[in-house]
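First the structure, in the form of structure tokens, and then the observations on it.
What follows draws every value from the coordinates through simple rules; no lab data is involved. Keep in mind the model is a prediction, meaning the values are calculated, not measured.
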Amino acid sequence: MAQPKGTVVLAYSGGLDTSCILVWLKEQGYDVIAYMANIGQKEDFEAARKKAQTLGAKKVYIEDISREFVEEFIWPAVQANALYEDRYLLGTALARPCIARKLVEIAQMEGAQYVAHGATG
């Protein structure tokens, strides 16, 4: 096991990519705090919490940020007619900064030195 390198807050979904990166970060010597954002999606958050804990997460935060997502990101985008190729709303793209903002808040609150994600690509 590597020497302790500090704490990282990981944007975690419970899927393959974020589960692999959680384990890899642990193997590299980091304490990992997993963070899941509820932006209104249907998700088994408790199953994902248990999985993160089983994989070695020091803590797991699951935050319901659906209200601020709608009020501060979706509604302004609708008002601005923000469409991709004039066809559909940018829901996933709009969710990222909302999720990242809370990720950084948790990192600051926990005194973490790093933030990370495990998104494909």
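When the helix-only estimate is applied to the chain (DSSP H runs of n ≥ 4, each -39,500 (n - 2.57), divided by the residue count), what is the mean residue ellipticity at 222 nm, nearest 500 deg cm²/dmol?
The helix contribution divided over the chain gives -13000 deg cm²/dmol.
With bins 10 Å wide starting at 0, give me the P(r) of segment 7-117 over every alpha carbon pair, in whole percents.
14, 42, 29, 13, 2
Can you tell me, using C-alpha contacts under 8 Å and at least 6 residues apart, the relative contact order of segment 7-117 as a whole percent?
35
Determine which lysines satisfy two conditions relative to residue 102: a Cα distance under 20 Å, and not lying fewer than 8 residues away in the same chain.
Answer for residue 102, where 20 Å is the Cα cut-off: 42, 58, 59, listed by chain and number.
What angle, in degrees between 0 and 90 and rounded to the nearest 10, separates the Cα long axis of helix 45-55 from the longest principal axis of the Cα atoms of the chain?
Taking the Cα atoms of the chain, the angle to 45-55 is about 30 degrees.
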